[in-house]
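S.K.: Below are the structure tokens for one structure; questions will follow.
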Amino acid sequence: MFENFDIIDLTHILTPSVPTWNGSCGFCLECKSDYDRLFRIQKMQLFAGIGTHLDAPAHRVKGGNCVAAISLERLIAPACVVDVSMQAHADYEVSLADIKHDEQCHGPIQKGALVIAYTGWSRFWLDNEAYRNEDNNGQMHFPAFGVPAIEYLLEKDIAGIAIDTLSPDCLDSTFPVHKLILEAGKYIVENVAQCDLLPARGAYVMTLPLRAQEATESPVRMVAFIPKKIMS
């Protein structure tokens, strides 16, 4: 397999200082027993929705699928990368025009794909303040998805969407993108790393959350498999 594919890690490393929606990370790795007792044993404490993580339908929809109910066939998906990094700014929304332009350039977005918005915002990941970009009124500003783009993508029966920011919603406090995607039974991945290394088409992405009972969100290890013939 390694002879045929380049493998890219799309996951940010978790630390106590990673940016989060409310500014509180909750991540703590505590040593409970050390090598003088044969094994180093650690206790991990964290909020479910931090770092590179997945939102399941149950995050918004009562009775919707929880994380453990999402099938592997959905979590291992062809990647369609929509690159808006050249024009994206703090209040940018990926538009229907962006999606259609991408399809004109790279071919149709296929059924069952994970559509990844590459905005370039991950360049601020190590700067909590810049990544959250909160104004004097407490409103954050970062690129997101526009509703018309999401409505169009849902017609394609995608597996889900992903983005290299804190959320596919930003300025609208009703979270319309979450509502549309999660009510449709799809999933969302936030805080994706290294989108710049992905081709527009041809890669497969594996997004594996913790298989935790009744979890509505979960950190993931997200990995892309890119055929070497694409990269050559």
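Here, each number is a calculation from the coordinates, and none is a lab measurement. Not measured: the values here are computed from a predicted model. Cβ: placed from backbone, ideal geometry, glycine included. Neighbour counts: every protein chain shown.
S.K.: Which one of Ile116, Ala69, His178 has its Cα pushed farthest toward the positive end of the charge dipole of the chain, where Lys and Arg give +1 and Asp and Glu give -1 at the Cβ?
M.R.: Ala69
S.K.: Taking every DSSP beta bridge that has both residues in the chain, what percent is antiparallel when rounded to the nearest 5?
M.R.: Of the beta bridges lying entirely in the chain, close to 65 percent run antiparallel.
S.K.: Past 26 Å, Cα to Cα: identify those pairs from Lys111/Lys228; Lys62/Lys156; Lys62/Lys186; Lys100/Lys179; Lys179/Lys228, in the order given. If you can, show how the numbers build up before the last one.
M.R.: Working: Lys111/Lys228 24 Å; Lys62/Lys156 24 Å; Lys62/Lys186 14 Å; Lys100/Lys179 22 Å; Lys179/Lys228 37 Å.
Result: Lys179/Lys228 exceed 26 Å.
S.K.: Using modelled amide H (1.01 Å from N, peptide plane; none on Pro or chain starts), what sits under 5 Å from the amide H of Ala117, excluding residues fewer than 5 places away?
M.R.: So Ala117 has HN proximity to Val82, Ala162, Ile163, Asp164.
S.K.: Quick one: Karplus J couplings for region 20-34, per residue in order, coefficients 6.51, -1.76, 1.60, θ = phi - 60°, nearest Hz, x for Gly and Pro?
M.R.: 9, 4, 9, x, 10, 7, x, 7, 8, 10, 10, 7, 9, 7, 10
S.K.: Another one. Provide Rg and Dmax in Å for region 64-152, with only Cα atoms included in the calculation.
M.R.: For region 64-152, the Cα-based Rg and Dmax read 15.4, 44 Å.
S.K.: Which three numbers, in whole Å and largest first, are the semi-axes of the equivalent ellipsoid of the chain derived from its Cα gyration tensor as √(5λ)? Could you put the intermediate results ahead of the total?
M.R.: Details: eigenvalues 152, 96, 68 Å².
Value: 28, 22, 18 Å, ordered largest first.
S.K.: Per residue of region 137-146, in order, report the coupling 6.51 cos²θ - 1.76 cosθ + 1.60 (Karplus, θ = phi - 60°) as ³J(HN,Hα) in whole Hz, putting x for Gly and Pro.
M.R.: Once θ is set to phi - 60°, the couplings for region 137-146 become 9, x, 8, 7, 9, 7, x, 8, 9, x Hz.
S.K.: Post the alpha-carbon centroid distance, region 143-220 to region 5-65, in whole angstrom.
M.R.: That distance is 18 Å.
S.K.: Using Cβ counts within 10 Å as a stand-in for footprinting exposure, how do Asp102, Asp127, Asp36, Asp164 rank, fewest first?
M.R.: Listed from fewest to most nearby Cβ atoms, that is Asp36, Asp127, Asp102, Asp164.
S.K.: Assigning unit charges at the beta carbon (Lys, Arg +1; Asp, Glu -1) and nothing else, what dipole magnitude in debye, to the nearest 20, does the chain show about its Cα centre? Can you show the working numbers first?
M.R.: Numbers: 19 positive and 29 negative charges, 163 e Å.
It comes to approximately 780 debye.
S.K.: On to the next question. Please name whichever of Ala97, Met222, Tyr131 sits farthest to the positive end of the charge dipole of the chain, dipole taken about the Cα centre and charges placed at Cβ: Lys and Arg +1, Asp and Glu -1.
M.R.: Going by the Cα projections, it comes out as Met222.
S.K.: Let me ask something additional. Which residues' amide hydrogens lie under 5 Å from the amide hydrogen of Tyr92, considering only partners 5 or more residues apart or on another chain, with H built in the peptide plane?
M.R.: Those lying under 5 Å, H to H, from Tyr92 are Ala144.
S.K.: Could you compute Rg(Cα) / (2.2 N^0.38 Å) for region 1-124, with N its residue count?
M.R.: So region 1-124 has a normalised radius of gyration of 1.39.
S.K.: Per residue of region 221-228, what does 6.51 cos²θ - 1.76 cosθ + 1.60 with θ = phi - 60° give for ³J(HN,Hα)? Whole Hz please, x for Gly and Pro, Karplus curve as stated.
M.R.: Each residue of region 221-228 in turn: 9, 10, 10, 9, 10, 10, x, 4 Hz.
S.K.: Could you line up Cys195, Cys28 from fewest to most neighbouring Cβ atoms inside 10 Å?
M.R.: Cys28, Cys195
S.K.: With labels modelled as points extended 7 Å from the Cα through the Cβ direction, what inter-label distance (nm, one decimal) is found for Thr174 paired with Ala97?
M.R.: Here the answer is 2.4 nm between the modelled labels.
S.K.: Among Ile181, Ile161, which comes first, second and so on when ranked by fewest other beta-carbon atoms within 10 Å?
M.R.: Placing the least packed residue first, the sequence is Ile181, Ile161.
S.K.: Can you give the calculated 222 nm mean residue ellipticity of the chain, where each DSSP H run of n ≥ 4 adds -39,500 (n - 2.57) and the sum is split over every residue, rounded to the nearest 500 deg cm²/dmol?
M.R.: Rounded to the nearest 500, the figure is -4500 deg cm²/dmol.
S.K.: At 0.890 mPa s and 25 °C, plugging the Kirkwood radius over alpha-carbon pairs of region 114-232 into Stokes-Einstein gives what diffusion coefficient in µm²/s?
M.R.: Calculated translational D: 158 µm²/s.
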